[in-house]
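The block underneath contains the structure these notes are about, expressed in structure tokens.
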Amino acid sequence: MPKITILPANVSAEVEAGENLIEAGEQAGVEMEAGCFNCSCGTCVCEVVSGMENITEPTPEELDVLDAWNRDPEKYRLTCCNKILRGEVVLRQIH
Ligand code: FES
């Protein structure tokens, strides 16, 4: 099963492939910051420390939001509108 780790709490969980990153983080036991749950506010942004290749590709809408917040999409992603697909993903909460 895919595995998610959330920093700085450094907690992990094994989750179903296709699990939303917010849901996956909450399964690991942390409260994930979020607002709109619709890929438009940017509140849910996290740094992807590793495993970028294991989450869904960004949509144009996500890239627009990341750009508005000056977040490099190769390092930061919105957790409300992406899923873990396989392998391991390590996220760092930045709020
Ligand atoms: S919660 Fe608003 S963009 Fe993710």
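Would a scan of the range 48-61 turn up a residue that is part of a helix (DSSP H, G or I), farther than 17 Å from K3 by Cα and either more than 13 Å from the ligand (Cβ to nearest atom) or under 11 Å from the mean Cα position of the chain (by Cα) (or both)?
First pass over the range 48-61, keeping only residues part of a helix (DSSP H, G or I): 52-54, 60-61.
Still in the running and farther than 17 Å from K3 by Cα: 60-61.
Subset that is either more than 13 Å from the ligand (Cβ to nearest atom) or under 11 Å from the mean Cα position of the chain (by Cα) (or both): 60.
Yes, the range 48-61 has at least one match.
Do we have G18 as away from the ligand (no atom under 14 Å from the Cβ) and either on the phi > 0 side of the Ramachandran plot or open to solvent by 20 Å² or more (accessible area, probe 1.4 Å) (or both) here?
Details: away from the ligand (no atom under 14 Å from the Cβ): yes; either on the phi > 0 side of the Ramachandran plot or open to solvent by 20 Å² or more (accessible area, probe 1.4 Å) (or both): yes.
So G18 passes the test.
Just to be sure I understand the filter: pairs with C-beta atoms under 9 Å, separated by 6 or more residues or on different chains, first member in the range 51-77 and within 14 Å of V90 (Cα to Cα), second member among the β-branched types (V, I, T) and away from the ligand (no atom under 16 Å from the Cβ). Which pairs pass?
Correct list of pairs: G51/I4; G51/T5; G51/V89; G51/V90; M52/V89; N54/V89; I55/V89; K75/V49.
Would you please name the residue that is surrounded by the most Cβ atoms within 10 Å (Cβ to Cβ), looking only at residues in the range 34-48 that are without any contact (Cβ under 8 Å) to a residue 40 or more places away in the chain and among the hydrophobic types (A, V, I, L, M, F, W, C)? Give the derivation first.
Let us first name the residues in the range 34-48 that are without any contact (Cβ under 8 Å) to a residue 40 or more places away in the chain, namely 35, 40-42, 44.
Checking which are among the hydrophobic types (A, V, I, L, M, F, W, C) leaves us with 41, 44.
Working: C41: 16, C44: 24.
Result: C44.
May I ask you to list the residues in the range 49-70 that are touching a strand residue (DSSP E or B) at 6+ places or on another chain (Cβ under 7 Å) and either at positive phi or open to solvent by 100 Å² or more (accessible area, probe 1.4 Å) (or both)?
G51, W69
If you go through the range 77-91, how many residues are more than 16 Å from the ligand (Cβ to nearest atom) and either among the basic types (K, R) or in contact with a His (Cβ under 7 Å, 6 or more places away or on another chain) (or both)?
Here is the first cut: in the range 77-91, the residues more than 16 Å from the ligand (Cβ to nearest atom) are 85-90.
So of that shortlist, the ones also either among the basic types (K, R) or in contact with a His (Cβ under 7 Å, 6 or more places away or on another chain) (or both) come out as 86.
Summing the residues that are more than 16 Å from the ligand (Cβ to nearest atom) and either among the basic types (K, R) or in contact with a His (Cβ under 7 Å, 6 or more places away or on another chain) (or both) in the range 77-91 gives 1.
Just to be sure I understand, how many residues within the range 80-89 are in a strand (DSSP E or B) and open to solvent by less than 50 Å² (accessible area, probe 1.4 Å)? It would help to see each step written out before you state the result.
Step one: list which residues in the range 80-89 are in a strand (DSSP E or B), which gives 83-84, 88-89.
Subset that is open to solvent by less than 50 Å² (accessible area, probe 1.4 Å): 84, 89.
Here the count works out to 2.
Name the single residue that is most open to solvent (accessible area, probe 1.4 Å) among those in the range 21-33 being within 14 Å of the chain's Cα centre (by Cα) and free of Cβ contacts under 8 Å to residues at least 24 places away in the same chain.
Step one: filter the range 21-33 for residues within 14 Å of the chain's Cα centre (by Cα), giving 21-28, 30-33.
When the remaining residues are screened for being free of Cβ contacts under 8 Å to residues at least 24 places away in the same chain, the result is 23, 26-27, 31.
Numbers: E23: 92, E26: 88, Q27: 95, E31: 161 Å².
Residue satisfying both the conditions and the ranking: E31.
Looking at the range 27-45 only, could you name the residues that are among the aliphatic types (A, V, I, L, M) and more than 6 Å from the ligand (Cβ to nearest atom)?
A28, V30, M32, V45
State yes or no: is I22 in a strand (DSSP E or B) and out of contact with any Pro (no Cβ under 8 Å at 6 or more places or on another chain)? Explain how you work it out, then say what you get.
Working: in a strand (DSSP E or B): no; out of contact with any Pro (no Cβ under 8 Å at 6 or more places or on another chain): yes.
Judged against the criteria, I22 is not a match.
Which number in (1) assigned to a helix (DSSP H, G or I); (2) within 12 Å of the chain's Cα centre (by Cα) marks the one condition that R92 misses?
Exception for R92: condition (1).
The values are calculated or read from the model by the stated rules, or taken from the named source; none is laboratory data. All of these numbers come straight from a predicted model, not from anything done at the bench. Methodologically, a virtual Cβ is constructed for each residue, glycine included, from the backbone with ideal geometry; neighbour enumeration extends over all protein chains shown. We work out accessible area using only protein heavy atoms, side chains counted, and drop any ligands, DNA or RNA first. Shrake-Rupley method; radii C 1.70, N 1.55, O 1.52, S 1.80 Å.
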